[in-house]
Amino acid sequence: MDRKIALLAITTIIFFGSGIAEAYSKTPVKKRKTRKELISENDSLRNALDSLTIRLSDLEELTRSNDSITDVIFGHYEEEIGDGLIIRDSTASLDSLLSIYYMQRRLNDYDPNINLDDVEYTSNIPDSVYIRRLEEMNSFITLPYNSVVKNYIIQYTEKMPTAVGKILGLSAYYMPIFEEIFTSYGLPQELKAMAVIESALNPTAVSRASAKGMWQFIYPTARHYGLTINSFVDERLDPIKSTYAAAQYMKDAYEIFGDWALAIASYNCGAGNVNKAIRRSGNSKDFWEIYYYLPRETRGYVPAFVAALYTLKYYKEHNLQPESIALPPHVDTIHVHKMLHLEQVSALTGIKLQELKDLNPQYVHNIIPGNEAEYILRLPYNYTNAFIDHEKEIYDYQADKYFNPVELKKIKDGGDGERIVYRVKSGDVLGKIAMRYGTTVAKIKRWNGLKSDRIRVNQRLIIYRGGNGPAASSSTSSSSGGGTSTSGEKITYTVKSGDVLGKIAIRHGVSVASIKKWNGLKSDKISIGQKLTIYTNGGPSASGGGEKTVYTVKSGDVLGDIAIRHGVTVSEIKNWNGLRSDRIRVGQKLTIYTDGIAHSGSENGTVENGYIVYTVQKGDTFWDIAKKFPGTTSKGIMSLNGMDKNSKIYPGMKIRIKKA
C-alpha cells in the first residue's frame, strides 16, 4: 500500500510538472506574462501542491489505521532529554536497570559508566556450573551462554548486591502478578525478567527519554496499547495495567519475528532496528549473528535478560538476600465513580498516604477523576471495611479544598508539561512532530524561536508534551503594552481555495495580526486545508488600543490590498495616516492598528471614519442586526464585512455597520 501511495504521488507530480513544462513551451516569447499573472499562476501551483500533499497524508493515515501495529512496533521514536545521547523507547539495558533516580541516590555498588562489551569479568564459579544451572531452569525461552552472558551474570550476582537485594525483595511481590498475566496471554512466564532490566521494578521510573513506569512505555506506544494518559492519570505507572500492555506488545512482536530473542531485543530498540540488523547480516534470524548490527545499547539486552532470570533463580547460591519490602500481602480494589483524593482516604481510614500512593502510583496528582470514568482504588485488605463504612464521609471530606476549580483547571491545562528535546529526522515536518506529541505547530515554533516552518535534519527541538511550556518572557510591541486575549469562543477554521488572511479576519471579526499570533504565523502565507485557530471575541484587545504596526509600501501595493492583508479598511488606513487620497508610493511608511478598530471608541459606539462597530449577541442573525439599525439591510452588512449568506456569525464577533 505504501508503494502504491508513493507511486501515485510521484506519477501525479511528474504528470503535473510535465503539463506545466508543456504549457510554458507553447507560450509565445512575445507574450511575456505580467507579474500579476505569474503571481496568480504561482498561487495556483502552490494550492494544487498543497491539495496533493493533504491527499497523500490522508492516504498514508488510512494505511496506518489499517495496519496500526506497523506504526507502533516498527515505529522507532527517538527523543532526547537534555544534552545526553539519543535515547530510544527504552534506555540502555544495564543503564535502565540502575540509573533510576531513586536507585542512584541510594546505591554505592554500581558504576554507571561501565560498558560490559569492553570488560571481561572472572569468577570463582566455573563455566560448567553456569551452563548446568541455565539448562536446569528448563526455560521455554532458550537461554544461551557465552562470554557476554557470563559478564552480565557476574555483574548481577557479584558486583551490586545492594541493588539486587532490593530487586529481589520487590520480585516476591510483583513476579506472581506478572506470571499470571503472561500466562493469560499464552506467553512464557520468563518474560517477567524484562521488567527487572527496564526499571529495576520501580513503578514510577522515568527514563531520560520520558519512558515511564515499570515497563518503560513511551507515550505513543502506551496509547496504542490502551493505557490511559491524561492530566490526572498515567496508567504507564500502574504495574498491573502496564504489564497487560507489555504482554500484548510481546505477543505482537513474536508474531512478527517468530523468535523470542529477537522479540525481546525489539522491546528495547524497536522492530524496525531489529529488521535492519537482520537485513545487514544477510537475513539471519539468529540474535548472535545480528548482534553487531544492532544498536550498541540493544546488544546487551538479551544477555541482561538471561542474567536477570538466572539471578532470580539462583540468588541464594550467590549469598544474595532479598530486602524486606513493606507491601501488603493482599489488596482489595474499590471502584470509584466520583472525584476522590488519596488524602481524603488517608484521613478517614487511617492508612498512611505514602502506602496509598505506592499502591496507586498512576494517579499523578493523588486525585482519582471518578466523575470522568470508572477508576480503581487499591487498598490493603485490612482497610477495606473502614472505607466502605465511611464512604460518603470520605467523598465529602474537605471536598472544596481538594477539588478547588482553579486548581483543577491548572492540572487540566497541564502546566509547563513534560520537557522533551526532539532530534529532527529525514521527512519530518512541524505538523507531523506536533501531532506525535499532542501539541501544535504554533507552540513548537514559540518554544524554539522559529520564524518559519522550516526545520533541518538533526536540528533539536524543545517540546513540552501535555503543557504550554514556560510562560513567555518576551515583551510585546503593542502600543499599549497590553497582552493578547484569547477569551471567547475558540473555533478551528479550515483554509479554502481563494482565502487570504485578511478575508478570513474580516469574516470572523478579528484582525490578521491576531490570527497570526494565535497560530504562530510569521508571514501571511496560508495553504488550502491548513487549520487556523480563531477566538471569536474580536481578537486581542490591547488594554489601551490596537497593536501598532508600521508597514512599508512595496512595489505593486495599493491601499485595498494592504487593508485586506491587515484586516482593516482603506478608510481606517487613510484616517490613521492623514491621507486625502488613495495614492501611495513605494517606500512610504504607513501606520496600521491591527485590531482594525483600535481608535474607534467604545465597543458598540460610532467609529470615527463613519462606521458603527456592533458586537454580535447570542441568537443574532444578519436580519436581526439590520433591524436594529434603520436604513441598513442584511445584504449591506454582509457586503461591508466581506461575508455572504453562508457566512456564520458568533457571539462576541465585531462587525462593521455603515452609519446612517
Residue within the range 292-312 that is without any contact (Cβ under 8 Å) to a residue 12 or more places away in the chain, over 30 Å from ILE368 (Cβ atoms) and aromatic (Phe, Trp, Tyr) present: yes
TRP260 under 24 Å from GLN155 (Cα atoms), touching a residue at least 24 places away in the same chain (Cβ under 8 Å) and surrounded by fewer than 19 Cβ atoms within 10 Å (Cβ to Cβ): no
Among the residues listed as GLN248, GLN321, the single one being open to solvent by 50 Å² or more (accessible area, probe 1.4 Å) and within 30 Å of ASN382 (Cβ to Cβ): GLN321
Close pairs from the range 269-289: first of a type in the set (Ser, Thr, Tyr), partner part of a helix (DSSP H, G or I), Cβ under 7 Å, at least 6 apart: SER281/GLU289; SER281/ILE290; SER281/TYR293; SER284/ILE278; SER284/ILE290
Which listed residue, of ASN366, ASN360, ASN382, is more than 30 Å from LYS443 (Cα to Cα) and either open to solvent by less than 30 Å² (accessible area, probe 1.4 Å) or touching an Asp or Glu at 6+ places or on another chain (Cβ under 7 Å) (or both): ASN360
Selection status of ALA222, open to solvent by less than 10 Å² (accessible area, probe 1.4 Å) and within 25 Å of ALA163 (Cα to Cα): no
The range 118-132 residues that are closer than 12 Å to SER147 by Cβ and open to solvent by less than 100 Å² (accessible area, probe 1.4 Å), paired with ones that are in a loop (DSSP other than H, G, I, E, B) and not basic (Lys, Arg) (beta carbon under 8 Å, 6 or more apart): ASP127/TYR145; TYR130/TYR145
Test: residue in the range 121-138 that is within 28 Å of GLY186 (Cα to Cα) and within 38 Å of the chain's Cα centre (by Cα): no
Residues of the range 149-169 that turn out to be under 38 Å from the mean Cα position of the chain (by Cα) and within 23 Å of ILE264 (Cβ to Cβ), as a count: 9
Residue pairs meeting the criteria (Cβ under 7 Å; at least 6 apart or on separate chains; first open to solvent by 90 Å² or more (accessible area, probe 1.4 Å), in the range 566-587; second at pLDDT 80 or above): ARG585/VAL553; VAL586/VAL553; VAL586/LYS554; VAL586/SER555
Qualifying residue in the range 415-431 (condition: closer than 30 Å to THR349 by Cα, touching a Lys or Arg at 6+ places or on another chain (Cβ under 8 Å) and surrounded by 18 or more Cβ atoms within 10 Å (Cβ to Cβ)): no
Checking GLY272 against (1) farther than 22 Å from TYR437 by Cβ; (2) open to solvent by 10 Å² or more (accessible area, probe 1.4 Å); (3) in a helix (DSSP H, G or I), the condition it does not meet: (1)
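The values are calculated or read from the model by the stated rules, or taken from the named source; none is laboratory data. Nothing here was measured: the structure is a model prediction, and the numbers come from that model. Note that each Cβ is placed from the backbone with ideal geometry, even for glycine, and that neighbours are counted across all protein chains shown. For the accessible areas, the whole protein counts, side chains as well, though only heavy atoms, and no ligand, DNA or RNA atoms are used. Shrake-Rupley method; radii C 1.70, N 1.55, O 1.52, S 1.80 Å.
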